[in-house]
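The values are calculated or read from the model by the stated rules, or taken from the named source; none is laboratory data. Quantities reported herein were computed from a predicted structural model and do not represent experimental measurements. Positions of Cβ are generated from backbone atoms using ideal geometry, with glycine treated the same way; all protein chains shown enter the neighbour counts. SASA here: full protein model, heavy atoms, side chains in, ligands and nucleic acids out. Shrake-Rupley method; radii C 1.70, N 1.55, O 1.52, S 1.80 Å.
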Amino acid sequence: VQLQASGGGLVQAGGSRRLSCAVSGGTFSKSNVGWFRQAPGKERDFVAGISWSGLSTYYADSVKGRFTISRDSAKNTVYLQMNGLKPEDTAVYYCAEKQGPLSIRLHQDYDYWGQGTLVTVSS
């Protein structure tokens, strides 16, 4: 399974950005996908996750109400729509995938990772 994250860039505080995670080489309909982020000098933190069915979504408290995760089965892609961005959202954002049971908030549970895309929010 390969994951390709894209959509990062520089955005002003209060702005929006949409990240994409294209998944290939597996059975997308069975893929649970999570977004994580890592700021310089900090640990990798859970941001959002979506179940293989798309029926269940999960968010970190710090992004709830501002970020939305979704999936497009026709494109084998998971999106992270980020609104109301804050400087503290600045980080490298990674998508990850696992088929089968997992604790969706735990990065240790995922099998495959994308390369990361940098989001910088200026104040």
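Here are the numbers for this structure:
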quantity	calculated
Top-ranked residue in the range 100-123 [being over 13 Å from the mean Cα position of the chain (by Cα) and among the β-branched types (Val, Ile, Thr); ranked as surrounded by the fewest Cβ atoms within 10 Å (Cβ to Cβ)]	Thr120
Arg71 being out of contact with any Asp or Glu (no Cβ under 6 Å at 6 or more places or on another chain), open to solvent by 10 Å² or more (accessible area, probe 1.4 Å), in contact (Cβ under 8 Å) with a residue 24 or more places away in the chain and not in a strand (DSSP E or B)	no
Any chance Ser53 is in contact with a helix residue (DSSP H, G or I) (Cβ under 7 Å, 6 or more places away or on another chain) and surrounded by fewer than 16 Cβ atoms within 10 Å (Cβ to Cβ)	no
Residues of the range 86-123 satisfying the condition of being of a type in the set (A, V, I, L, M, F, W, C), outside any strand (DSSP E or B) and within 19 Å of Phe67 (Cα to Cα)	Ile104, Leu106
In the range 1-37, the residues that are open to solvent by 60 Å² or more (accessible area, probe 1.4 Å), of a type outside the set (D, E, K, R) and not in a loop (DSSP other than H, G, I, E, B)	Gln2, Gln4, Leu10, Gln12, Ser29
Within the range 74-99, considering residues that are in contact (Cβ under 8 Å) with a residue 60 or more places away in the chain, farther than 18 Å from Ser24 by Cβ and of a type outside the set (A, V, I, L, M), the one most open to solvent (accessible area, probe 1.4 Å)	Lys86
